[in-house]
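Encoded as structure tokens, the structure appears first; notes follow it.
The values are calculated or read from the model by the stated rules, or taken from the named source; none is laboratory data. Please read these numbers as outputs of a predicted model, since none were measured by experiment. Methodologically, a virtual Cβ is constructed for each residue, glycine included, from the backbone with ideal geometry; neighbour enumeration extends over all protein chains shown.
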Amino acid sequence: MALQETKYKALVDAAQAEGVADLQVREQDGVLYIDGTASSSSSKQKLWDTYEALNPDFRDADLVLNLAVAEGADETYTVKSGDNLSKIAKKYPGLSWKDIYEANKERIKNPDIIQPGWELKIPRK
């Protein structure tokens, strides 16, 4: 329980605040396991961002974050500084930058220019 109550308390609290369904938190052999279903991909991304802030570069190998996205939930991605469509597409197997561009033409006028903070739709393949 030490990891849950100390190092990763903010992450567990964030998972609860995001309303992760079927949230299960357990510690075994020095590893904290967090399982559940996020309501959206942006909710899931917020939790991964929280994890990264607590454990930059994911070096400690003391947490398994196993989050699914609710069936039928909108897939979105929040653009971060340094992102481009190709880099984002690599996070979603089977997608290309063109797929993301096509799904977001109303927002993206030039596929070479995207802004941090934009919420992009991620098409399902």
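Here are some notes:
- Among the residues of the range 60-76, just one is modelled with pLDDT of 85 or more, acidic (Asp, Glu) and touching a strand residue (DSSP E or B) at 6+ places or on another chain (Cβ under 9 Å), namely Asp62.
- Matching residues in the range 24-42 - criterion: being in contact with a helix residue (DSSP H, G or I) (Cβ under 9 Å, 6 or more places away or on another chain) and surrounded by fewer than 16 Cβ atoms within 10 Å (Cβ to Cβ): Arg26, Gly30, Val31
- Residue among Ile113, Ile100, Ile108 that is assigned to a loop (DSSP other than H, G, I, E, B), surrounded by 12 or more Cβ atoms within 10 Å (Cβ to Cβ) and either of a type in the set (Val, Ile, Thr) or under 14 Å from the mean Cα position of the chain (by Cα) (or both): Ile108
- Residue within the range 30-48 that is in a loop (DSSP other than H, G, I, E, B), more than 16 Å from Glu119 (Cβ to Cβ) and not polar (S, T, N, Q) present: yes
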